[in-house]
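Read the structure below first, then the notes.
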Ligand code: ZN
């Protein structure tokens, strides 16, 4: 598949490091001159830009946290006069106060290019009809992909977050070839297609780019099988720019970070110490070229690792592994740490199980317990047989015990009987241990 900007995307490591260093110096100077927050922070820590003599010195700089940007929202961390801001967006606000973010004209241009790069890597071209099923609004998904697709020259269908039946009608009517949205939404579309007895082959879809919520390899397989498409992962964060920070190429094996514009590090979320190459921890990003809202060592809260092996696609940018979850989603139970998505991945190895599940944690007589409500779908071969269901229950709890070393109770429930979590996430965790 083609590479949109080979000049950058296939840069040699030493050239890239030089470019990153030059850009870092500019951004540090700009942040210190124009953003009171950074001026104060650097003064407190007695850091001056000339202390940074190579890209490795980045670890001398302090972190910026979500709390910092929330306190400064909407405009206090902007590094340009407000008259130069041409757009504001905001974070979803599911984790506290929404954060306002701003873009200059150049930032919007950059954003378009970054998204166009990842769309090109997924094989999208000017012949495609790209249906964008992210909401068009304050959140960044809709507009970000819109600009990227337009830059490529594809035909954009700004469907936004329509009702699923309408979404399918649009797809059929306009002969959509590329679907963009949340992976959970793609699965919901697949389910409705099945209910409508409408084979995916009657549509024209050939690929999908998904993001904005963690998803597993199992979910990818389900989406690819049910919708008969290639499904690609993308990574973005509204505070940093929106979609376009990283995206998968045709190898579907990690997401290339746009390293000429973002400096990525992995730290231990508990101590803040940078972790050795390849280890899993919290992703920290520094924007290297954004004008309006530069961020230095921003703690994303997302857990992943960096893959520093050559990729067959020819891009030299390092990759991040699929984001496993957020540092604040980690569940501590029975002396073990795990993510809800790990449970989901184990359960989905079985046929006929919906990715929508609910995890309930409780405590009785000082003993912790965990119950997982698992939705069975009509694809389950022994839906009407008590014995088959009982055997399934045992298999699932055994598999979780083997994989995660925790004892759980499985409750099988009918499809769509588990309430969806906020923001339409598929996994809901109810922790009653604290009350
Ligand atoms: Zn690649």
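In segment 306-334, which residue that is away from the ligand (no atom under 16 Å from the Cβ) and either assigned to a loop (DSSP other than H, G, I, E, B) or without any contact (Cβ under 8 Å) to a residue 12 or more places away in the chain (or both) is farthest from residue 52 (Cα to Cα)?
Across segment 306-334, the extreme among qualifying residues is 334.
Tell me, which strands (runs of 3 or more DSSP E) wholly within segment 335-435 include 3 or more residues that are surrounded by 18 or more Cβ atoms within 10 Å (Cβ to Cβ)?
By residue number, 353-364, 367-376.
Among the residues of segment 337-350, are any over 17 Å from residue 215 (Cβ atoms) and free of Cβ contacts under 8 Å to residues at least 12 places away in the same chain?
yes
Hey, can you tell me all the residues within segment 142-164 that are over 18 Å from residue 212 (Cβ atoms) and at pLDDT below 95?
Within segment 142-164, 163 is the sole residue that qualifies.
Yes or no, residue by residue, for (1) surrounded by fewer than 24 Cβ atoms within 10 Å (Cβ to Cβ); (2) in contact with a strand residue (DSSP E or B) (Cβ under 8 Å, 6 or more places away or on another chain); (3) outside any loop (DSSP other than H, G, I, E, B):
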position	(1), (2), (3)
239	no, yes, no
243	no, yes, yes
247	no, yes, yes
252	yes, yes, no
263	yes, yes, yes
270	yes, no, no
277	yes, yes, no
282	yes, yes, yes
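Please specify each residue of segment 97-124 satisfying the condition of being free of Cβ contacts under 8 Å to residues at least 60 places away in the same chain and either within 16 Å of the ligand (Cβ to nearest atom) or farther than 15 Å from residue 237 by Cβ (or both).
97, 105, 108, 109, 112
For residue 67, indicate whether it is surrounded by fewer than 15 Cβ atoms within 10 Å (Cβ to Cβ) and in a helix (DSSP H, G or I). Even if it seems obvious, please write down each step before you answer.
Working: surrounded by fewer than 15 Cβ atoms within 10 Å (Cβ to Cβ): yes; in a helix (DSSP H, G or I): yes.
Here the answer is yes, as residue 67 does meet what is asked.
Name the pairs: first residue in segment 243-262 and more than 12 Å from residue 319 (Cα to Cα), second residue within 13 Å of the ligand (Cβ to nearest atom) and in a loop (DSSP other than H, G, I, E, B), Cβ to Cβ under 9 Å, at least 6 apart or on different chains?
244/258; 250/1; 250/122; 250/123; 250/312; 250/313; 260/317
This table checks each residue for (1) touching a residue at least 40 places away in the same chain (Cβ under 8 Å); (2) in contact with a strand residue (DSSP E or B) (Cβ under 6 Å, 6 or more places away or on another chain).
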{"position": "176", "(1), (2)": "yes, yes"}
{"position": "185", "(1), (2)": "yes, no"}
{"position": "188", "(1), (2)": "no, no"}
{"position": "192", "(1), (2)": "no, no"}
{"position": "203", "(1), (2)": "no, no"}
{"position": "207", "(1), (2)": "yes, yes"}
{"position": "223", "(1), (2)": "yes, yes"}
{"position": "226", "(1), (2)": "no, no"}
{"position": "234", "(1), (2)": "yes, yes"}
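The values are calculated or read from the model by the stated rules, or taken from the named source; none is laboratory data. Values in this document were obtained by computation on a predicted structure and should not be read as measured data. Positions of Cβ are backbone-derived with ideal geometry, glycine not excepted, and every protein chain shown enters the neighbour counts.
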